[in-house]
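No value in this document is a laboratory result; all are computed from the given coordinates. Everything numeric here is computed off the predicted structure, so don't read it as measured data. FYI the Cβ positions are ideal-geometry reconstructions off the backbone, even for glycines, and counts take in every protein chain you see.
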């Protein structure tokens, strides 16, 4: 069990982010990647350095509830992200609700 976010610094982590439609059941997309936690800010979030050359950094919300360790002591983060409004066609911002998978 993760007790403090600070223990994640410089640790390799496997990340799963699942995006759901407004019905909260239909999966729109799933993103899986690995990286190293490089920075933690209680307000801004957790920075992950990935091997993706186009987008070498990823940000996650600073919620310890999303983090766990498996039987091999690997760090894992799993997020469920829900669309909160119908898809916008007018170019305006869409809103998403990030929830840690408990």
Members of region 53-70 that are part of a strand (DSSP E or B) and in contact (Cβ under 8 Å) with a residue 40 or more places away in the chain: 58, 60, 67, 68, 69
Members of region 9-29 found to be part of a loop (DSSP other than H, G, I, E, B), free of Cβ contacts under 8 Å to residues at least 40 places away in the same chain and under 27 Å from residue 72 (Cβ atoms), listed by number: 9, 10
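Please verify whether region 30-44 includes one or more residues that are assigned to a loop (DSSP other than H, G, I, E, B) and either surrounded by 10 or more Cβ atoms within 10 Å (Cβ to Cβ) or within 14 Å of the chain's Cα centre (by Cα) (or both). Reasoning before the result, please.
Residues of region 30-44 that are assigned to a loop (DSSP other than H, G, I, E, B), as a first pass: 42-44.
Next, from what is left, pick out any that are either surrounded by 10 or more Cβ atoms within 10 Å (Cβ to Cβ) or within 14 Å of the chain's Cα centre (by Cα) (or both): 44.
Among the residues of region 30-44, at least one is assigned to a loop (DSSP other than H, G, I, E, B) and either surrounded by 10 or more Cβ atoms within 10 Å (Cβ to Cβ) or within 14 Å of the chain's Cα centre (by Cα) (or both), which makes the answer yes.
Residues are listed down the side, and each one gets a yes or a no for (1) exposed (fewer than 13 other Cβ atoms within 10 Å of the Cβ); (2) in contact with a strand residue (DSSP E or B) (Cβ under 9 Å, 6 or more places away or on another chain); (3) at positive phi:
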| residue | (1), (2), (3) |
| --- | --- |
| 4 | yes, no, no |
| 46 | no, yes, no |
| 61 | no, yes, no |
| 67 | no, yes, no |
| 70 | yes, yes, no |
| 75 | no, yes, no |
